[in-house]
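Heads up: the structure comes next, in structure tokens.
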Amino acid sequence: MTWARSQQGITTLAIVALLLLYPQVMPRFWVLSIAANSMILGIAALSLVFMAGYGGMTSLAQAALAGFAAYMLALLSLVPSTNATGSALGAGLPSIPGALIAIALATALGALFGAISSRSYGIYFLMLTLALAVGFYYIVLQNYDVFGGHIGFAGIEGPTGQPREDPPTFYYLCLAVSAAIYLGLRYLVRSQLGLTFQGMRDNPRRMAALGYRVGAHRVALFGIGGFVAGISGVLGAWYRGNISPGILDLNRTIEVLIVAVIGGLGYPIGAFVGAVLYTLIKVFASSVTIAGFSFDERFNTLVGLGFVVIVLVAPNGIVGLADRAYRAVTHRSGARRRAVDPLAVEAGLVPAPVAQPPDAPVIAGDDVPTGS
Amino acid sequence: MAAGAPVPALRLQGVGRRFGALQALHDVSMEVAAGERRAILGPNGAGKTTLFNVVAGDFPPTSGSVELFGTDVTRLAPYARTRLGVCRTYQTSQLFMGLTVAQSLFLAIRGASGGRFSPLRPKPDDRSRVRAAEIAEAVGLAADLQTAVGSLSHGQQRQLEVGMALAGSPRLLMLDEPAAGLSRAERITLTDLIKRLPRDITVVIVEHDMDVALAVADRVTVMAEGTPLVEGDPEEIQSNRTVQDIYLGHAVGGRHG
């Protein structure tokens, strides 16, 4: 166990060192267009992974919530005359207070979406959140005076200035925020509230019978989803410098869903793995040629094919597949150290229990007497 | 009610429940005194589980009223009734397949005791966690605290059902066929567990296993076709002709035959 733990510690340390060194050695394109972009998309997907994987709420409104935060940030932080439409709106707040208020508003909108959909489950929940997302998209697109129509807003600047002027600093900002959200959610999973969400996912009826107001907890979870998605929206607005309704349209909604599924809905880290993979495919698809067939202009075909393959081959996503492979390998080497009932480990989709009773009796299957 | 008379744990007045054309419950009036152990018997389709669902608040009755400890709860949501002290088990286990035994019991304890929105992790010496271990011990799952619920055997899942109901610190404990699917040894353990419960817990039990039901019950209500037919102590019920006809008929016939 100490070996496994130190092995894990070394791996974690190596990953952290790599992530910290990355912007120092990689060109600007890889720091911003690949890494920062992936983290921003990954945070949006993480909000979905957390809601779906731990609360059973597969929300299609996460891109809309991120976009809402971006628009709120623009309205709060722009100075009235600088926006593209010449609208008189814009509170001219500094970037950080503007961002905090925008994220708070996204949290509140998430909670409101939660209240609207708190009694819906399964396909009805999916459709309701999709309807809310699409509805909000049209509100943004058609309210020219408030949201700037299809042009949107330009000139949004974060606390680190223009990302392209100083890529490493913006990268570190994204990395710090991603790490904080990831670790925060991992902590939350084993908290009272996190367990409540998982109970709700497994059996909402029993939760109600145990004294929980399931509807209120669903609102809370949607609020957390709005909070995380809102952070992604704010970082995205700082990254691009301008926003338009395209950041919250149906394509973006599907993008977030695909990233979450590619990575693995049951694994928080999968959101980031899926985002990196998706971004790489999106960026490099144009230069891919398979058997004389160029995917230039057809990157969606490539993404679609990849998606179909992953859903068929690895329903728990890339991380799920890796997890299974890792278990298969360690199980074989572990079998020599102590006898574990393979059926007990294989049974169920849930991870094997953390702590085994140290002195569990070992029963050999072969020498159980038969007959009486 | 006369002044000073003890408040019953459960009082139903003219309760009816209709599902479309099916009258699942019809004019059910009954009282269960505080501290009593009441068994509800009846053939399949008699309305026993529907009665539980109406008392627990899964759905409201279409007519009549439900009182718990003197409070009218007819329109109260399930979670609010649980906070009044109603804890139940289900005929088919309703468990959290993705959680461990310890986590399930912990949720059951906190559901009734508060701190439901706490974003903090419970410490290892947290009172709820200690209590979860005690309850696991009481229902025979002490060795499986860290086992995933999905990997428990059927019998163990039934024991966890009872454990989770007990974890809510019930004043009224409603057990819906707790012995279904248990081995003989497990039934004996379960019967002992119910018998040992303190008398400040009122128990209503639906059970097809006569040995379990009659061993724990002070009084028995026999239901048929959505309404209570006979109420009495176990001896009376066993010798009651109506009951023999509708429910125990074949058993009695077998003795004479």
Q: Among what's in segment B:109-122 and is over 19 Å from B:Q159 (Cα atoms) and more than 7 Å from every other protein chain (Cβ to nearest Cβ), pick the residue that is nearest to the chain's Cα centre (by Cα).
A: B:S113
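This table checks each residue for (1) at pLDDT 95 or above; (2) more than 10 Å from chain A (Cβ to nearest Cβ); (3) within 16 Å of the chain's Cα centre (by Cα).
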site	(1), (2), (3)
B:T71	no, yes, no
B:L76	no, yes, no
B:T82	no, no, yes
B:T92	no, yes, yes
B:L95	yes, no, yes
B:L99	yes, no, no
B:Q103	yes, no, no
B:L107	yes, no, no
Q: Scan segment A:276-293 and report the pairs whose first residue is of a type outside the set (G, A, S) and whose second residue is surrounded by 14 or more Cβ atoms within 10 Å (Cβ to Cβ) and not in a helix (DSSP H, G or I), with Cβ atoms within less than 7 Å and a gap of 6+ or a chain change.
A: A:V288/A:F295
Q) Which condition number in (1) surrounded by 19 or more Cβ atoms within 10 Å (Cβ to Cβ); (2) modelled with pLDDT of 85 or more is the one that A:A285 fails? A) (2)
Q: For segment B:55-67, enumerate the residues that are in contact (Cβ under 8 Å) with a residue 40 or more places away in the chain and crowded, with 22+ Cβ neighbours inside 10 Å.
A: B:V55, B:A56, B:P61, B:V66
Q: Tell me which of these A:L221 doesn't satisfy, since it passes every other one: (1) crowded, with 24+ Cβ neighbours inside 10 Å; (2) in a helix (DSSP H, G or I); (3) within 9 Å of chain B (Cβ to nearest Cβ); (4) not polar (S, T, N, Q).
A: (3)
Q: Give the residue, chosen from B:V220, B:V212, B:V230, that is of a type in the set (V, I, T) and closer than 16 Å to B:T49 by Cα.
A: B:V220
**Q.** Members of segment B:162-173 that are within 11 Å of the chain's Cα centre (by Cα) and within 10 Å of chain A (Cβ to nearest Cβ)
**A.** B:A165
Q: Would you check if A:T11 is among the polar types (S, T, N, Q) and closer than 18 Å to A:V319 by Cβ?
A: yes
Q: Give, as residue ranges, the strands (runs of 3 or more DSSP E) completely inside segment B:197-245 that count at least 3 residues that are assigned by TED's automatic domain parsing to the domain that holds B:L25, touching a Lys or Arg at 6+ places or on another chain (Cβ under 8 Å) and under 11 Å from B:R37 (Cβ atoms).
A: B:202-206
Q.
Which of the helices (runs of 4 or more DSSP H) found entirely inside segment A:115-217 contain at least 3 residues meeting this: touching a residue at least 24 places away in the same chain (Cβ under 8 Å)?
A. A:122-142, A:144-147, A:167-189, A:192-202
Q) Filtering segment B:127-177 down to residues that are in contact with a Ser or Thr (Cβ under 6 Å, 6 or more places away or on another chain) and among the acidic types (D, E), which residue is surrounded by the most Cβ atoms within 10 Å (Cβ to Cβ)? A) B:E161
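Given the options B:V73, B:V32, B:V28, name the one that is closer than 30 Å to B:Q156 by Cα and in the same structural domain as B:V216 (by TED's automatic domain parsing). I'd like the intermediate steps shown before the answer.
Working: B:V73 fails: closer than 30 Å to B:Q156 by Cα; B:V28 fails: closer than 30 Å to B:Q156 by Cα.
Unique residue meeting the criteria: B:V32.
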Q.
Condition check: closer than 19 Å to A:A111 by Cβ, away from chain B (no Cβ under 14 Å) and part of a helix (DSSP H, G or I). Does A:A229 satisfy that?
A. yes
Q: Filter segment A:185-205 down to the residues that are in contact with a helix residue (DSSP H, G or I) (Cβ under 9 Å, 6 or more places away or on another chain) and small (G, A, S), then identify the one that is nearest to the other protein chains (Cβ to nearest Cβ).
A: A:G199
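Restricting attention to segment B:198-208, which residues are touching a residue at least 12 places away in the same chain (Cβ under 8 Å) and surrounded by fewer than 17 Cβ atoms within 10 Å (Cβ to Cβ)?
The first filter runs over segment B:198-208 and keeps only residues touching a residue at least 12 places away in the same chain (Cβ under 8 Å), leaving B:199-208.
B:R199, B:D200, B:H208, listed by residue number.
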(Q) Based on this model, can you work out whether B:F59 counts as assigned to a loop (DSSP other than H, G, I, E, B) and modelled with pLDDT of 95 or more? (A) no
Q: May I ask you to verify whether B:V101 is within 21 Å of A:R213 (Cα to Cα) and of a type outside the set (D, E, K, R)?
A: no
Q: Would you check if there is a residue in segment B:238-255 being touching a residue at least 40 places away in the same chain (Cβ under 8 Å) and charged (D, E, K, R)?
A: no
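Determine whether A:P27 is without any contact (Cβ under 8 Å) to a residue 60 or more places away in the chain and surrounded by fewer than 24 Cβ atoms within 10 Å (Cβ to Cβ).
Values: without any contact (Cβ under 8 Å) to a residue 60 or more places away in the chain: yes; surrounded by fewer than 24 Cβ atoms within 10 Å (Cβ to Cβ): yes.
Judged against the criteria, A:P27 is a match.
The values are calculated or read from the model by the stated rules, or taken from the named source; none is laboratory data. These numbers were taken from a predicted model, which means no experiment stands behind them. Here the Cβ is made from the backbone with ideal geometry for all residues, glycine too, and neighbour counts use every protein chain on show.
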